[in-house]
Amino acid sequence: MSRVFASLPVNPFEADVIREPREVAYSVPGLNDSPLNHLIAEFGRLTVGELPRNPIPSPKAQLVVSPEAGYGKSHLLGRLFQALGPRATQIYLLPFQAPERAWQSILLATVQELDRPSQHDLREETQLDAFAMGVLAHIAADFMVKGGVRDHDRLKREIEHLRNHPLSFLGRDRPNRGLVDWLKALIASRSDSIKLANLLKTHRIDLQGREKAWLQVLAGYTFSEKDSVERYAALSWFRGDPLESEEAAALGLSAGDNDGAVDTTASEINAMSLRRLHGLCALSSYYRPFLFCFDQTEVYGSDKGLADALGNCISRMHANLPNHLTIVTTNATNWTTDILPNMKRADQDRFSDEIRLEGIERERSRILIAKRLQDFQLDDGVVEQFIEPAWLLSLFKAQQSIGVRHLLTRAAARFRELGRPHVRLEGPEPPPKLPTVDEAFAVEVNNVRTKPALHHYNQDCLMWFTQVLSNGFDGVTVKKPKNRYFSTHWAWKDRAVYFAFEGGDNNGRWRAMAKEAVELAAGGRRRAIVFRTPDLKPIPGPRWIAARQTIDQACQKGLRIERLSLDEVCELHAARELYSNALQGNVDLAPAEVLAWLKARFRPWFEKYSSVNDRPTVKLPLEPPRAPKPPGKSSTSDASKPETHPAPARLSDIQLRRVVDHMKERLLDDINEVLKALGSPLLREALLVEVEKHPNLKAHPGPQTIYLQWRIA
Amino acid sequence: MAGSEEDIVRALARAGTKGLAAAALAKAISAPPASKQLSSAITKLKSHGAIRGPFRVGRFSLFFEAKSAPTREHLESRIEDLLRRAGTRVTTRSDLDKGMKGVVQSLYKDAISALKAEGKIVELRNARRSSLYVHRDAIIDQLRVESGGDRGDRPPSSTQSSEAASISLDDVRPYYLALKAEQGGISTVKIYDILKKLDVSKDELHALLLREAKRGRVSLHAASTIYLPREVMEAGIRVEGEQQPYVTFILREGS
């Protein structure tokens, strides 16, 4: 028996935290069906009546409460995503870090979620493609019905079909090129686009004078090729960033509609972000209502300002944004002890009654454990022996139900125990082996690495690094000055470092930032730093001339544009995730211990970024132009080293076939072995992109490596 | 495959509590006995909880439709009946096994463990350390004590028995509901907060909560925040084998 367990390199029970709700693949029948059905019913209130609808006021934020950590909050969100499928535009939101930029963080995450491939529609379409096509199809249909085409009565069936199947009419494979061209021409025509914009008003959709611009940007996004200027510009516009003149021209936007200000304050950016969110929600009268899910809310409890900002955001979403359902998940004592007391009374009233998660009972525990073991092709005899009655009973000696994570932790300990020679099958397993922080961090890094969606620029994570993780390093005082851009300040008596958080690439804004950097860095031992991640365009842009000069000069005077490698991004995101897990009780590690360990682990980072010593400043090289936003594009090399052979973002069909054949044969294998079979270690990131997309492939991150598993769906 | 997943469920439903071996099931739905499709359909149906098995019954490994599958609860009641009928006469394990011929072995073992844990049957040992069983009702009759309404409870220890009688969930409920309302309707309430309101000792409240948790009328929970004061943590219940104390509880509806 022990040989069976010892031979498996992956403990089937160690995956006990859902990092990303879209990874949920299995649910124990009946467990937490009641909260799920409640949420589905609440969402259903937003889909009453035929499309397009007048805006529907949003219900209160639905408060999903776990009696303690590990009852399946994120799992429930995953089930909800699956259950609602293409009925909802699904947005998963991790905690924001700066109260004064809360809306900006929410919008940034929303646009990143919208630009992810949809799980429910055509494989390569994004959620935003589906949303844009849905909106445009209904507007086109309205236009036809209201006199836009002659004899529209004869086209009644076709118009109805367009409304019901916008993706098949307007989808990327373009079966109706004529319709797409006609719609593009309408939107490009000044008089017709005004007529289209006016149609929005008939459904009481108020986009504050930007109706035409919204239609142009939606069309620019969805009717353009991937990696095109139009598509990239549209994403910038949705984020509220200012567009370069050629980008605005590509979308056909007037100067007035290019309303992202170059030189702007945090509060102005915040206000703009809320307007964009309002626009998206208002337009969802035409298609799928939004589902916003605030998860890992325990982080808000670590700071009074954050808890208050969360309450304020929920309150304003409920009051101002139509056509959406907000869900907030929380652990009970975090909520009652750390968050609720720091929230305004009026904001507290914007939450629903608690929707309580239930624990798992004995019979369902048996089903879950059996399923986990069967996923690894262990036969029924082994499964029956693993679920030894006295052992199972011992888990329920105090009460009739327990948290799912608690069950998995105990099962993982039993699995380890049974893997050792000469163990008895009966009775309780020894105490669970507690992970060290090193191990937990290593697993978390590999966990982030397996999820390409987590490799994107995340200003909240960078803020956390500069504001929380850095606190106390070398006697630093962390301040939040009211500068336009450089909003975090590391202060020592003899030196200072400022940080700005900018994911955009507008040359005007970068010029303004460079000027502010020069002002701040004037007078000696000071630095101004801006981080860039591999998914962002390099700064300065290849065709910038005046801005390049300004930035070059600023770099001479203390500005540093720090390009993080993918490895660094993964480490930083893993660090925040691990700390968040400790705060939530998801890992058996004290938050203070984790924070202390992380501070030591990131000491070289602090040393690097706190240094204000002059170093030879090289004029910034002209970087080769890149595709605007390669999906999954990444570089693991040091930013300072030239990349001679950039790794491909995706595997070819032949390579994917090879992976599938290899995994079908091996069932479970080290990723390095799979890469050997592919013939190149450079394909690691591309392979992980495919694993995330493939229904039969699953990644199991461990401290040393990542195991890939072939699952029979 | 000739039969669909629906056919499999239908065939097993027809077989009822007799169940079907894999070969018989394949025959019933006109599929080849060693068909991979059949095996993957069975795996899928099992994971959805529509069917159960295979259970080893005698020489056969049988599948059942979920509703007709043997359950531990059913076996528990059979074991209880057999032991009740035996009265004060002890039943050896081999006699018990004979009386339970043809049942699923894993469930049978589980049922005995459950009955022992719930104090419904008593396991004794003879000089050769073989197991002997007797039903608790027979013992209660002999001792002439009241069994009380809660037959599922393990008899409280001597130190707990006098305390247990002095406090009930009815005493806790008004304070619990007031605290729940104070925290915006969140039903997870701190044991410490109840202790402050109730005029009872910590042991008394712990005994009550542990007893009611076993009956399913209360659920006990560990803290999920690091910011709880020390006194709140110290008011929690420590249970052997659990790393974290239970510091909060939920009073289930209808309890």
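When A:SER267 is tested against (1) assigned to a helix (DSSP H, G or I); (2) modelled with pLDDT of 95 or more; (3) not aromatic (Phe, Trp, Tyr), only condition (2) is not met.
For region B:71-90, the set of residues classified as crowded, with 20+ Cβ neighbours inside 10 Å and touching a helix residue (DSSP H, G or I) at 6+ places or on another chain (Cβ under 7 Å) consists of B:ARG72, B:LEU75, B:GLU76, B:ILE79, listed by residue number.
Do we find that A:ASP192 is closer than 30 Å to A:CYS293 by Cα, at pLDDT 90 or above and surrounded by 13 or more Cβ atoms within 10 Å (Cβ to Cβ) in this structure? Criteria not met by A:ASP192. Among the residues of region A:39-67, those identified as more than 19 Å from A:SER315 (Cα to Cα), surrounded by 15 or more Cβ atoms within 10 Å (Cβ to Cβ) and either polar (S, T, N, Q) or modelled with pLDDT under 95 (or both) are A:THR47, A:LEU51, A:PRO52, A:ARG53, A:SER66. Filter region A:369-379 down to residues that are within 9 Å of chain B (Cβ to nearest Cβ) and free of Cβ contacts under 8 Å to residues at least 24 places away in the same chain and give me whichever is farthest from A:SER27 (Cα to Cα). My answer is A:GLN374.
Of the set (1) under 25 Å from the mean Cα position of the chain (by Cα); (2) part of a loop (DSSP other than H, G, I, E, B), all apply to A:ILE529 but (2).
Results for (1) within 30 Å of A:ASN270 (Cα to Cα); (2) in contact with a Phe, Trp or Tyr (Cβ under 9 Å, 6 or more places away or on another chain); (3) away from chain B (no Cβ under 14 Å), shown as yes or no for each residue.
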site: A:TYR71; (1), (2), (3): no, no, no
site: A:GLY78; (1), (2), (3): yes, no, yes
site: A:ARG101; (1), (2), (3): yes, yes, yes
site: A:THR110; (1), (2), (3): yes, yes, yes
site: A:LEU155; (1), (2), (3): no, no, yes
site: A:HIS165; (1), (2), (3): no, no, yes
site: A:ARG172; (1), (2), (3): no, no, yes
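Kindly evaluate A:VAL382 against the criterion of being more than 11 Å from every other protein chain (Cβ to nearest Cβ) and closer than 30 Å to B:LYS180 by Cβ. When the stated conditions are applied, A:VAL382 does not pass them.
The residues of region A:10-36 that are more than 14 Å from every other protein chain (Cβ to nearest Cβ), in a helix (DSSP H, G or I) and modelled with pLDDT of 90 or more, listed by number, are A:PRO21, A:LEU36. If only residues of region A:153-181 that are touching a residue at least 40 places away in the same chain (Cβ under 8 Å) and assigned to a helix (DSSP H, G or I) are counted, the one that is surrounded by the fewest Cβ atoms within 10 Å (Cβ to Cβ) is A:LEU167. Within region A:252-289, being within 26 Å of the chain's Cα centre (by Cα), over 24 Å from A:TYR485 (Cα atoms) and buried (at least 19 other Cβ atoms within 10 Å of the Cβ) holds for A:GLY279, A:LEU280, A:CYS281, A:ALA282, A:LEU283, A:SER284, A:SER285, A:TYR286, A:TYR287, A:ARG288, A:PRO289.
Take the conditions (1) assigned to a helix (DSSP H, G or I); (2) more than 15 Å from A:GLN216 (Cα to Cα); (3) among the polar types (S, T, N, Q); A:SER236 misses just one of them, which is (2). B:ALA114 satisfies every condition listed in (1) modelled with pLDDT of 85 or more; (2) among the small types (Gly, Ala, Ser); (3) within 26 Å of the chain's Cα centre (by Cα) except (1). Restricting the search to region B:49-83, which residues are outside any helix (DSSP H, G or I) and among the polar types (S, T, N, Q)? Those that are outside any helix (DSSP H, G or I) and among the polar types (S, T, N, Q): B:SER61, B:THR71.
Restricting attention to region A:514-528, the residues that are of a type in the set (A, V, I, L, M) and without any contact (Cβ under 8 Å) to a residue 40 or more places away in the chain add up to 3. Selection within region B:184-211: residues that are under 29 Å from the mean Cα position of the chain (by Cα) and within 9 Å of chain A (Cβ to nearest Cβ). The member of this set that is farthest from A:VAL587 (Cα to Cα) is B:LEU210.
Return the residues of region A:385-414 that are more than 9 Å from chain B (Cβ to nearest Cβ) and touching a Phe, Trp or Tyr at 6+ places or on another chain (Cβ under 6 Å); say none if nothing qualifies. Passing the criteria: A:LEU408, A:ALA411, A:ALA412.
Okay, residues lined up against (1) of a type outside the set (Lys, Arg); (2) part of a helix (DSSP H, G or I); (3) within 23 Å of the chain's Cα centre (by Cα); (4) within 14 Å of chain B (Cβ to nearest Cβ):
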residue: A:GLU562; (1), (2), (3), (4): yes, no, yes, no
residue: A:ASP567; (1), (2), (3), (4): yes, yes, yes, no
residue: A:ARG576; (1), (2), (3), (4): no, yes, yes, no
residue: A:TYR579; (1), (2), (3), (4): yes, yes, yes, yes
residue: A:ALA596; (1), (2), (3), (4): yes, yes, no, yes
residue: A:ALA600; (1), (2), (3), (4): yes, yes, no, no
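Residues in region B:212-233 that are more than 30 Å from the chain's Cα centre (by Cα), within 11 Å of chain A (Cβ to nearest Cβ) and of a type outside the set (A, V, I, L, M, F, W, C): 2 in all.
Among the residues of region A:308-329, at least one is more than 14 Å from chain B (Cβ to nearest Cβ), at positive phi and at pLDDT 95 or above. Selection over region B:193-234 of residues that are farther than 22 Å from A:GLY70 by Cβ and either in contact with a Phe, Trp or Tyr (Cβ under 9 Å, 6 or more places away or on another chain) or not hydroxyl-bearing (Ser, Thr, Tyr) (or both) gives a count of 23. Whenever a residue of region B:37-52 is more than 7 Å from chain A (Cβ to nearest Cβ), its partners that are of a type in the set (Ser, Thr, Tyr), lying with C-beta atoms within less than 8 angstrom and at least six residues away or across chains, give the pairs B:ALA41/B:SER4.
The values are calculated or read from the model by the stated rules, or taken from the named source; none is laboratory data. All values reported here derive from a predicted model rather than from experimental measurement. With ideal geometry, Cβ positions are generated from the backbone for all residues, glycine too; neighbour counts draw on all protein chains shown.
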